[in-house]
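> Before we start, here is the structure in question, set down as structure tokens.
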Amino acid sequence: MILVLLGTQHNEFKRLLQQIEDCIDSGIIQERVVVQAGFTKYKTEKMKIFDMIEKEILENLIEEADIIITHGGVGSITMALRKHKKVIAVPRLHEFHEHVNDHQRQIVQDFNERKYLIGIQNVEDLPEALHRIKTFTPKEYQENNQELIKIIENFIDNIK
């Protein structure tokens, strides 16, 4: 099963869901797809979509998932990594009115460079990331507040 996490903020991310549906249509994705969509409104019969999911149910879905595809929110990323899941992260972008700025680009890039996940900067790169995730062995994520602080400091330094 593939679990898609789009967070709980008042931002949509239809581009990612459309790309996932395209991957289903082309046969790249053959697994069941469950989506925690938050405020993203998207209609399809090809994925099971929930606006919000209770914490206990979400934790069970994370345990069940083989792959997690998530937006570039630190909370969603670290929640998946703590459960030792293979993660593909995709940033929401300001140019598409998905977020107030492009801070998720840096977050995804930092986690990708640390080899915790496969980070892509464009939704169009999802098919390749889905191919790569099959043989990807993520570096084990250690709950390390200093490392998380460094990721955030890198982001802040890059917006100055």
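Read-outs: derived from the displayed coordinates by stated rules, not from any lab. This is a predicted model, so every value here is computed, not measured. Don't worry about glycine lacking a Cβ; one is built from the backbone with ideal geometry, like all the others, and counts go over all protein chains shown.
> Within the set of pairs 6 or more residues apart or between chains, which connect a residue that is among the charged types (D, E, K, R) inside the range 76-98 to a residue that is in a helix (DSSP H, G or I) and crowded, with 24+ Cβ neighbours inside 10 Å with Cβ atoms less than 8 Å apart?
Arg92/Gln104
> To continue, here is another question. Restricting the search to the range 1-26, which residues are of a type in the set (A, V, I, L, M), in contact with a Ser or Thr (Cβ under 7 Å, 6 or more places away or on another chain) and assigned to a loop (DSSP other than H, G, I, E, B)?
Residue satisfying the conditions is Leu6 alone.
> Next question. Of all residues in the range 26-62, count the ones that are closer than 15 Å to Val123 by Cβ and of a type outside the set (A, V, I, L, M, F, W, C).
3
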